[in-house]
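The values are calculated or read from the model by the stated rules, or taken from the named source; none is laboratory data. It should be emphasised that the depicted structure is a prediction, and the values quoted were computed from it without experimental measurement. Quick reminder, even Gly has a Cβ in these numbers, built from the backbone with ideal geometry, and neighbours come from all protein chains shown. Keep in mind that these areas ignore ligands, DNA and RNA; they rest on the heavy atoms of the full protein, side chains included. Shrake-Rupley method; radii C 1.70, N 1.55, O 1.52, S 1.80 Å.
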Amino acid sequence: MTQMPLVEALLSRRRDHSFHVPGHKNGALLPAGTEGIFETVMQIDKTEITGLDDLHDATGVIREAEILLSRLYKSRNSRFLIGGSTSGILAAVLSSVSRGETVLVQRNCHQSVFHALELAGAEAVLIEPDKEARTGAALGIPAGALETALAKVPEAVAVMITNPSYEGYAQQLHAHAALCQKYGALFIVDEAHGAHFLPGAEHPFFESAVEQGADLVIQSAHKMLPALTMGAWIHICSSRVDESALNRMLQMIQSSSPSYPIMASLDAARAFLADVKEWDKIAAAAHAFCRQAGAPLLPVQLGQWRLDPLKAVFAASDQTSTFAMERRLEAANAFAELRTPELLVLTLPLHAGLIQRMIEKLPVLSEGPLDASVFQHAEPEIRLRRPALLQEEMGKLVVESCPIYEASGKISAADLIPYPPGVPLLIRGEQITDQHIEKLLQLREAGIRIKGDEEHFRVFTTEKRKG
Ligand SMILES: Cc1ncc(COP(=O)(O)O)c(C=O)c1O
């Protein structure tokens, strides 16, 4: 069996007498009605006792597990995260960007990127990604567009991009990395959905950005690997990263009582991934799954972007809406990763046999495929945007409520975040347009959950706050 130093250390401690936190005492003390649910995991839910190391100052079994992780991805160093990619993104940005500095940010980044910039007091210049025209599925930023952005915003100290997109499209990033080096910007890649991307991976799977010249890469192990929710890791890939600043931020952002079950699941997920051999079989099973659904599928290749085989991405057609497809799925007691008015995204496991079994459970979702030519690669009309207000200015202005139909042209004081995918529709400091309002109404109509959505918009006035 592949080595799992942290899992092994925890197993050897399962029957110890606990005179320490947590209060369940290895699962001996349980709230009534929960017997049989938590005991197994509570046996390894420990704290920093002798032999179990300390995530925030790892020198023992946690460090050994992180070294094995780093070897697998060929990083300079890798660290476990117990607060999801969210904690890695916050720490990456806060440790590399100072107040008032500028970061080039892919517009469809996850909310945590915008939160990180707000906490850092840093300014975002937004780069709009290429999309699939019919469904709006995000692709990414071509290297040429990044070069233009870097030339126009030479003060950018970092570039933050998402690859793959939530919908599963990814591209090669060697050229992007070389450009960031040329312009002296740190290249941070949110690879949250790509923990199964390994160095040297061959078609149809992808190579991780770790091997393509990124400085920092963050992956949610829990999304695509068999790890517990919130289990993630960050790869430090170059000497340009200030590791001591990063460690300091990780300590500030993450709990001082890191979850051992989450860390153990990271150790085990790394071992699992190291043992995956039948990549072609997995891709073939995923392909069969997609065809079985009978619904219009987004193309596996659009321009330089390829779709992750483990993302089954179905489009609405004239015959069937995504809502109807979701209803058919849920009637079979099956649940999707994401539904938008245009797309239904199902995430498949990294295991051919399991995908085969899922095929048996999958109902027909739609009346039939669409002609692939209806899907087109589209470039944005406007590629680069600066938010209408700087972070510093926003803190000084009075905020008021504004009826939605009067909000166009005003500046949003709130983030509006459809969830999933957690990509903001509107960012604090961004000017509200008719398109934002139209999209918001469409999402509401389609029953999509939107964080920050209130009856009225919250907008900045020109009036200064007192004090
Ligand atoms: C692209 C992207 N980045 C980052 C995150 C945050 O990941 P986590 O849930 O592991 O904190 C998500 C979560 O959905 C995401 O989709």
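Relative contact order for the range 396-464 using alpha-carbon pairs under 8 Å, separation at least 6, rounded to a whole percent? Could the numbers behind the result be given before it?
Working: 122 pairs, mean separation 34.7, N = 69.
RCO, the range 396-464: 50 percent.
Let me check I've understood the local charge: for Ala332, count other residues with C-beta under 13 angstrom from its C-beta, Lys and Arg +1, Asp and Glu -1. What total comes out?
The answer is 0.
In the range 406-467, what GluC sites (Glu not before Pro) fall in a loop by DSSP, with at most 12 other Cβ atoms inside 10 Å?
Glu454, Glu455
Which of the chymotrypsin sites (Phe, Trp or Tyr not before Pro) found in the range 1-101 are loop residues per DSSP with 12 or fewer other Cβ atoms within 10 Å of their Cβ?
Counting only loop positions with at most 12 other Cβ atoms within 10 Å, the chymotrypsin sites (Phe, Trp or Tyr not before Pro) in the range 1-101 are Phe19.
What is the magnitude of the charge dipole of the chain about its Cα centre, with +1 placed on the Cβ of each Lys and Arg, -1 on the Cβ of each Asp and Glu, and no other charges, expressed in debye to the nearest 20?
Dipole about the Cα centre, nearest 20: 400 debye.
Name the shape class, rounded, prolate or oblate, that the alpha-carbon gyration tensor gives for the range 173-290, where a ≥ b ≥ c are the square roots of its eigenvalues, rounded holds for a/c under 1.5, and otherwise prolate holds if a/b is larger than b/c and oblate otherwise.
On the way: a/c = 2.61, a/b = 1.16, b/c = 2.25.
Cα axes put the range 173-290 in the oblate bin.
Give the distance, in whole Å, between the Cα centre of the range 299-339 and the Cα centre of the range 415-467.
Cα centres, the range 299-339 to the range 415-467: 26 Å.
Could you pull out every one of the aspartates and glutamates with an alpha carbon less than 19 Å from that of Lys464, ignoring same-chain neighbours closer than 8 positions?
Glu392, Glu393, Glu400, Glu430
What does the charge count around Lys46 come to, taking other residues whose C-beta lies under 10 Å from its C-beta (Lys +1, Arg +1, Asp -1, Glu -1)?
Residues close to Lys46 contribute a combined charge of -1.
Going 7 Å from the Cα of Arg327 toward and past its Cβ, which residues in the range 404-442 have a backbone nitrogen under 20 Å from where you end up?
442
Tell me the Rg and the Dmax, in Å, that the Cα atoms of the chain produce.
Rg then Dmax for the chain, in Å: 22.9, 65.
In the range 1-102, what trypsin sites (Lys or Arg not before Pro) fall in a loop by DSSP, with at most 11 other Cβ atoms inside 10 Å?
Arg15, Arg99
Could you tell me the accessible area of Glu155 in Å² (1.4 Å probe, neighbours in place), rounded to the nearest ten?
Only protein atoms counted, so the area is about 90 Å².
Quick one: if the Förster radius is 41 Å, what FRET efficiency do Ala28 and Gln251 give, using the C-beta to C-beta distance and rounding to 0.05?
0.85
If one puts a single equal scatterer on every Cα of the range 279-376 and applies the Debye formula without solvent, what log₁₀ I(q)/I(0) results at q = 0.10, 0.19 Å⁻¹?
Here log10 of I(q) over I(0) equals -0.24, -0.89.
Could you let me know the centre-to-centre spacing of the range 22-79 and the range 143-222, using Cα atoms, in angstrom?
The range 22-79 and the range 143-222 have Cα centres spaced 30 Å from each other.
For the range 279-376, which whole percent of the accessible surface, found with a 1.4 angstrom probe, sits on carbon and sulfur atoms?
52
What does the charge count around Ile141 come to, taking other residues whose C-beta lies under 12 Å from its C-beta (Lys +1, Arg +1, Asp -1, Glu -1)?
Overall, the nearby charge balance is -1.
Please give the per residue accessible area of the range 132-200, computed with a probe of 1.4 Å over protein heavy atoms only, in Å².
On a per-residue basis, 27 Å².
So how do Ile236, Ile67, Ile37, Ile359 rank on accessible area, 1.4 Å probe, biggest first, that is with the largest at the start?
The most accessible residue leads, giving Ile37, Ile67, Ile359, Ile236.
I want to check the label-to-label distance for Ile67 and Leu390. Put each point 7 Å from Cα in the C-beta direction and report it in nm to one decimal.
Modelled inter-label distance: 4.7 nm.
Calculate the FRET efficiency for Ala274 and Arg240 from the Cβ-Cβ distance with a Förster distance of 35 Å, rounded to the nearest 0.05.
Calculated value: 0.80.
Write down Rg/Rh for the range 396-464, rounded to two decimals, with Rg from the C-alpha atoms and Rh from the Kirkwood relation over Cα pairs.
0.96
Suppose a student asked you for the relative contact order of the range 14-134, using Cα pairs under 8 Å spaced at least 6 residues apart; what percent would you report?
In percent, rounded to a whole number, it is 14.
So, with a 1.4 angstrom probe, what is the percent of accessible area on the range 119-205 that is carbon and sulfur?
Carbon with sulfur: 55 percent of the solvent-accessible area.
When the gyration tensor of the range 264-316 is built from Cα positions, what are the square roots of 5 times its three eigenvalues, in whole Å, from largest to smallest?
Semi-axes (√(5λ), whole Å): 27, 13, 11.
Which value in deg cm²/dmol, rounded to the nearest 500, describes the helix-derived mean residue ellipticity at 222 nm for the chain, given -39,500 (n - 2.57) per DSSP H run of n ≥ 4 and division by the residue count?
The per-residue figure over the chain is -9500 deg cm²/dmol.
Report the relative contact order of the chain, percent, no decimals, based on alpha-carbon pairs under 8 angstrom and at least 6 residues apart.
15
Which of the lysines could be linked to Lys466 by a straight reach, that is with a Cα gap under 22 Å, when you skip same-chain ones fewer than 8 residues away?
Lys396, Lys410
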